[in-house]
Amino acid sequence: MKEDSYKGCSACHAQFLCGRREEDREQACSLPVSLAHKAVRISYVYPILLFLAILCGVSAAGLAEGWAALCAFAVLGLYYLVLRLMRAKWEKLFTNKSL
């Protein structure tokens with residue numbers, strides 16, 4: 001590949017952590033900011049808020065902290081399972097918009 005195809009990766013702080021192969025680096029760095037923010041919200045922000053809400057809610061309902069944590073982890077597992085099952089939709093959204 002040409003040297004100019006790595007312009008985006010040279011400015012990226014996570015260039016050694018992204019796990020992309022050299023031929024995919026240009027594509028990996030072309031995600032629009034709005035989609036990048038959406039990906040962060042779906043992957044990290046919503047699960048943490050969901051985990052904390054379930055943990056606090058179940059704990060406030062009177063169950064022991066261990067059971068509250070177990071319920072929160074179970075709901076978090078279901079959340080990621082649903083994301084996994086909807087993988088085709090997410091791939092279409094993120095690949096079509098980023099080209």
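No value in this document is a laboratory result; all are computed from the given coordinates. From a predicted model like this one, the values you see are computed outputs, not experimental measurements. Ideal geometry is used to build each Cβ from the backbone, glycine not excepted, and the neighbour counts take in all protein chains shown.
At 7 Å along the Cα-to-beta-carbon direction for both S43 and L85, put a label point, then send me their distance in nm to one decimal.
Computed distance between label sites S43 and L85 equals 2.3 nm.
Using the Cα centre as the reference, give the magnitude of the dipole from point charges on the C-beta atoms of the stretch 32-98 (Lys, Arg: +1; Asp, Glu: -1; all else neutral), rounded to the nearest 20 debye.
Dipole size: approximately 460 debye.
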